[in-house]
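What follows draws every value from the coordinates through simple rules; no lab data is involved. Keep in mind that this is a model prediction, so the values were computed, not measured. Glycine gets a Cβ as well: all are built from the backbone with ideal geometry, and neighbour counts include every protein chain shown.
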Amino acid sequence: MQLKKGEVKTCTELLREFQRREQPYIAEKMVFKGIGDKDVYNITAPFEDDNETVIGGRVESRDDEYSQVYFFINKDGFWVPKNGAPVFNLQDPFITRIAGELVFGGVEISSHPELEKTFQWKTIFYRGEKLSSLKKFAESPMGMKDIRLIELQDGSVGVLTRHQGRKGGRGKIGFTTIKSLDDLTVDVIESAPLLDKQFTHDEWGGANEAHLLSNGLLGILGHIACFDNERNRHYYPMIFALNPETRECSDISLIATRSNFLKGPAKRHDLNDVVFSGGLIRAQDGTATFFAGTSDAEAQKIKMKDPFIKYEEDKHR
């Protein structure tokens, strides 16, 4: 299956294209209780655990970067911590299932050993039959986040990476495959080849969730980001399709902007225009519900036309 790929586009160009298309609708804030006055944002999409619908969320104080990941269930319209669920000292949780196992991960931050008031980070991976039995099984190279895993049609595992520095500049997505979760190592993650023509030199992005589509392609939910002249950050949720056999990609397209969501607070003034993709639930009626963190302070969901359907139609390949 060959995917059509044009030239790389900037955030400004993608935003202009998005504003001419059908817009998302029915935005709703998600209300969390049982965590004091802390914020909950950068959530996962809902998933099933022990016959309950659960969401993972980043929980932290407004003036802090040290966060924890809690797992929440819905009670009377409010999301409350799930009894007995583990709590992890991580940021930006993600969830998938591979070979019948629940796979969970998040970003662990620590003080830089040499640079004062500077953080370093890495991604930590856990696996288990359910939340209560999760065990650590792998971690990323230091300095890498936005790593996502997906079970492919043949049972192998796709690994989406995000490289920075000499290999990836401000942040570029890589992709490789492994036979099983047992093969996920630092060397495998570091050596993943970069995908072609996705971000300009001054902009960056990453994958946040992967979906196996009906035709074997991967629908990638992610983000693309840039700075403006005042060094404010702009994060836009985006999608693209990836052929896991050839590593060919479609063009990136935006699926929402901060203005599509309800107004609310921001962690800092430079984060007002930030939407961080969490996850997407596809419905059989051709719609989807998109779950996201807004302005690094709140969690919201919004309904939209299923953005991945177009990649499952022959005319778009």
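Here are the numbers for the structure shown:
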{"read-out": "Percent of Cα pairs exceeding the 35 Å cut-off, where the set is the stretch 11-316", "value": "13 percent"}
{"read-out": "At most 15 other Cβ within 10 Å, DSSP loop - GluC sites (Glu not before Pro), the stretch 1-93", "value": "Glu7, Glu22, Glu65"}
{"read-out": "Note, ³J(HN,Hα) from phi for the stretch 192-202, Karplus 6.51, -1.76, 1.60, rounded to Hz, x at Gly and Pro", "value": "4, x, 6, 6, 8, 6, 10, 9, 6, 4, 8"}
{"read-out": "Burial order of peptide ranges 70-80, 290-300, 87-97, 37-47 (average beta-carbon count within 10 Å, highest first)", "value": "290-300, 37-47, 87-97, 70-80"}
{"read-out": "For the stretch 59-68, 3J(HN,Hα) per residue [Karplus equation, 6.51 cos²θ - 1.76 cosθ + 1.60, θ = phi - 60°, Hz, x = Gly/Pro]", "value": "10, 7, 6, 4, 9, 9, 10, 7, 10, 10"}
{"read-out": "Amide hydrogen neighbours beyond the local backbone of Asp49, cut-off 5 Å, H modeled", "value": "Val54"}
{"read-out": "Unsatisfied cross-links (Cα-Cα over 26 Å) in the set Lys197/Lys310; Lys33/Lys310; Lys179/Lys305; Lys38/Lys117; Lys5/Lys122; Lys122/Lys179", "value": "Lys33/Lys310; Lys179/Lys305; Lys5/Lys122"}
{"read-out": "14 Å beta-carbon shell around Lys29, net charge (K/R +1, D/E -1)", "value": "+2"}
{"read-out": "Phi to ³J(HN,Hα) by Karplus 6.51 cos²θ - 1.76 cosθ + 1.60 over the stretch 294-302, Hz, x for Gly, Pro", "value": "10, 6, 6, 9, 9, 10, 9, 10, 8"}
